[in-house]
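This report refers to the structure that appears directly beneath it.
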Amino acid sequence: MQTAMRRPSNVSALLATACALVATSTSLAQSSPPAKPQPKPEDWIELFNSRDLTGWTPKISKHALGENFADTYRVENGVLQVRYDKYQSFDAQFGHLFYKTPYSYYRLAIEYRFVGEQAKGNPGAWAFRNSGVMVHSQDPRTITRDQDFPISIEAQFLGGKSDGKARPTLNMCSPGTEVVIDGSLYPEHCLNSASNTYDGDRWVRAEMLVLGAGQITHIIDGQKVLEYALPQFGGDAVHHHDPKAQPVGKLIEGGYIALQSESHPIDFRKVSLLNLAGCMDAKASNYRSYYVKSEPATCQYGRPAASP
C-alpha cells in the first residue's frame with residue numbers, strides 16, 4: 001500500500017489506559033512463546049494446504065465476495081500464486097484472499113517471493129514488488145463491492161529494486177486503522193521496518209507476533225524489525241467502505257487474515273499459524289504452556305478413572 005500522510009486523532013481518553021495495556025502486552029511478548037518447551041510441530045496450523053484454496057475466499061475490488069476474478073489466486077506445484085496474466089488492465093482491482101477463521105493472539109509465519117512484472121494498468125511505481133498480509137481485518141462479508149482495502153493492519157511486503165538502495169520489507173500500513181508508537185498515535189499511513197533489503201526472486205520468511213489489542217511484532221530471520229501497539233479503528237487510506245465497519249477509536253482485539261494482490265505477481269509457499277489463545281489449565285488434555293490468552297471454554301478433560 002502506498003504511503004500517505006494523515007492528521008493525528010484525539011487520543012487523550014485512549015492513552016489514559018495505554019500504559020497498562022502496553023505493559024501487559026510487552027510482558028506477553030517477552031515471555032511468549034517461551035524458549036522451553038517449544039510448541040510441537042503439529043500445533044502449527046497450516047492455513048495453506050499446498051493443494052488448493054480450501055479455506056480461503058477472495059474479495060477483489062469491483063467484484064463480489066467469492067469471485068476469483070481472472071483466476072487471480074491459483075495453486076500450482078504446491079505454491080499459492082497471485083497472477084494477472086488474464087487481466088486486460090489492473091484498473092485498481094485491489095484484491096485480498098481471506099482465511100475462513102478470525103484469530104486474536106497468534107504467531108504467523110509466511111514464506112513469499114516476488115516474481116515477474118507488474119500488471120498492465122498498475123497503480124504506479126509504488127506498487128512495484130509490493131504486496132502484504134492483512135491482520136486484524138474486518139469480516140470480508142462487511143466489505144463493500146468497490147472498497148479498495150479492508151479495514152485492517154497490513155504487514156507490507158516490499159521487494160528490492162536491485163539498484164543498491166534500501167527498501168525494507170515487513171513494514172506496517174494502516175488502512176482505516178491506527179497504531180500507537182511511543183505513547184502516541186502514529187501520524188502517517190505506513191511505517192518502515194528495520195529489515196534488510198531483499199532483491200531478486202528469493203524466498204523470504206516473514207513472521208508476526210500478534211497479541212490482540214496489545215502489541216504486534218514483526219520478525220525476519222529471528223530478529224525483531226518493527227513493533228507497535230494498541231491497533232484501533234481510525235484514520236484514512238481506505239475508500240468506498242461502510243462507516244459502520246469503522247468505529248473510530250475502538251481497539252481491535254482480533255480479526256481475519258488476508259493475502260494481498262496489488263498488481264505485482266507474488267508466490268506464497270507457506271502460511272502457518274500458531275494459536276496463542278486456548279486452555280491454560282495444566283489439568284486439561286489440551287493445555288499448552290506457550291498460550292498467553294486464557295480461553296477456559298476450550299479446555300478438554302478426560303473422564304475420571306472407573307472405581308475399582
Check: Any idea what the relative contact order of the range 117-233 is, in percent, if you count C-alpha pairs under 8 Å spaced at least 6 apart?
Finding: 20
Checklist line | Mean separation of Cα contacts under 8 Å (6+ apart) over length of the chain, as relative contact order % | finding: 26
Next item on the list: Would you give the gap between the C-alpha center of the range 248-265 and the C-alpha center of the range 125-167, rounded to a whole Å?
Entry: 8
Check: In the range 199-308, what trypsin sites (Lys or Arg not before Pro) fall in a loop by DSSP, with at most 14 other Cβ atoms inside 10 Å?
Finding: Arg202, Lys250, Lys283
Check: So how strong a dipole does the chain carry about its Cα centre when Lys and Arg Cβ are +1 and Asp and Glu Cβ are -1, to the nearest 20 debye?
Finding: 420
Next item on the list: Could you list the trypsin sites (Lys or Arg not before Pro) in the range 120-164 that lie in coil according to DSSP, counting only those with at most 15 other Cβ atoms within 10 Å of their Cβ?
Entry: Lys120, Arg145, Lys161
Next item on the list: Considering Cα pairs under 8 angstrom that are at least six residues apart, work out the relative contact order of the range 228-308 and quote it in whole percent.
Entry: 19
Next item on the list: Could you give the size of the charge dipole of the range 224-308 about its Cα centre, using +1 on the Cβ of each K and R and -1 on the Cβ of each D and E, expressed in debye and rounded to the nearest 20?
Entry: 440
Next item on the list: Sum up the charges of everything whose Cβ sits under 11 Å from the Cβ of Tyr228, counting Lys and Arg as +1 and Asp and Glu as -1, but leave Tyr228 out.
Entry: -3
Item checked: Heavy atoms of Thr298 accessible to a 1.4 Å probe, total area in Å² rounded to 10 -> 50
Next item on the list: Work out the charge dipole of the chain with +1 on the Cβ of Lys and Arg and -1 on the Cβ of Asp and Glu about the Cα centre, then indicate which of Gln246, Thr169, Ile45 is farthest towards its positive end.
Entry: Ile45
Next item on the list: Pop out the carbon and sulfur fraction of the accessible area of the range 84-200 as a percent, whole number, probe 1.4 Å.
Entry: 45
Check: Given the options Tyr287, Tyr73, Tyr99, which has the most mean-square fluctuation in a GNM of the chain, springs set between C-alpha atoms less than 10 angstrom apart?
Finding: Tyr287
Next item on the list: Mind pulling the angle between the C-alpha long axis of helix 12-31 and the longest principal axis of the chain? Nearest 10 degrees, somewhere in 0 to 90.
Entry: 70
Check: Taking Lys270 as the anchor, which lysines have their alpha carbon closer than 30 Å to its alpha carbon, excluding any fewer than eight residues away along the same chain?
Finding: Lys36, Lys40, Lys59, Lys62, Lys86, Lys100, Lys120, Lys161, Lys165, Lys224, Lys293
Checklist line | CD proxy at 222 nm, helix term only [per DSSP H run n ≥ 4: -39500 (n - 2.57); per residue of the chain; nearest 500] | finding: -2000 deg cm²/dmol
Item checked: Surface per residue (accessible, 1.4 Å probe) for the range 37-164, Å² -> 42
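The values are calculated or read from the model by the stated rules, or taken from the named source; none is laboratory data. Quick caveat, the model's predicted, so the values are computed rather than measured. Neighbour counts are summed over all protein chains in view; Cβ atoms, including those assigned to glycine, are modelled from backbone coordinates with ideal geometry. Ligands, DNA and RNA are stripped out before the accessible areas are found, and what is left, the full protein with its side chains, is counted by its heavy atoms. Shrake-Rupley method; radii C 1.70, N 1.55, O 1.52, S 1.80 Å.
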